[in-house]
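Dropping the structure in here first, questions after.
The values are calculated or read from the model by the stated rules, or taken from the named source; none is laboratory data. Quick caveat: nothing in here was measured; it's all calculated off a predicted structure. Reconstructed Cβ throughout: ideal geometry from the backbone, glycine too, with neighbour counts over all protein chains shown.
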Amino acid sequence: MKRSFVAATVLLFLAGPCLADETAAIGKAQAAATSWLALTDSSKYGPSWDEAASFFKAAVTKPNWETAIKGVRAPLGVVKSRKVRAAAFTRTLPGAPDGEYVVIQFDTQFENKAAAVETITPMHEKDGSWRVSGYFIK
């Protein structure tokens, strides 16, 4: 029994810094997501592309992004409320290179859609910043 207690204590001690790092990452990623969402909420679609992750920019051109996001967001109307449903740190995502990501889901109420789930995925860039690499509305 003592051996398992010692092993569990050592594991918790070793995992502690990782959990603290992930918690800090989630906070920074949420701040980046909130800032980025403010641009899309204000119909500043070009600047939202400018502020996105390099992975995002490589996947879609600025004009294509502006057309696509306008087509999705404009019919929904203004945001009436948004709150975090979940946020999870991960190092792997399907179709994306390994790295540091935070997948954030928001319960969002739009003027013309009472219940939506926005999923936004900031990634940790090489320059140390957190930038949005993906955005979906369901």
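Does ALA59 satisfy the criteria of being loosely packed, with under 13 Cβ neighbours inside 10 Å and of a type outside the set (Phe, Trp, Tyr)?
Here the answer is no, as ALA59 does not meet what is asked.
So, of the residues in region 1-60 that are at pLDDT 85 or above and not in a helix (DSSP H, G or I), which turns out to be nearest to ALA74 (Cα to Cα)?
By that ranking, first place goes to SER43.
I would also like to ask the following. Could you list, in sequence order, all residues of region 57-112 that are aromatic (Phe, Trp, Tyr) and closer than 16 Å to TRP130 by Cα?
Those that are aromatic (Phe, Trp, Tyr) and closer than 16 Å to TRP130 by Cα: PHE89, TYR101.
Only one of these is touching a Leu at 6+ places or on another chain (Cβ under 9 Å) and either exposed (fewer than 13 other Cβ atoms within 10 Å of the Cβ) or not basic (Lys, Arg) (or both): SER81, SER48, SER54. Name it.
SER48
Ok, one more. Out of THR121, THR108, I need the residue that is free of Cβ contacts under 8 Å to residues at least 40 places away in the same chain, within 13 Å of ALA29 (Cα to Cα), surrounded by 13 or more Cβ atoms within 10 Å (Cβ to Cβ) and under 18 Å from the mean Cα position of the chain (by Cα). Which one?
Checking each option against the conditions leaves just THR121.
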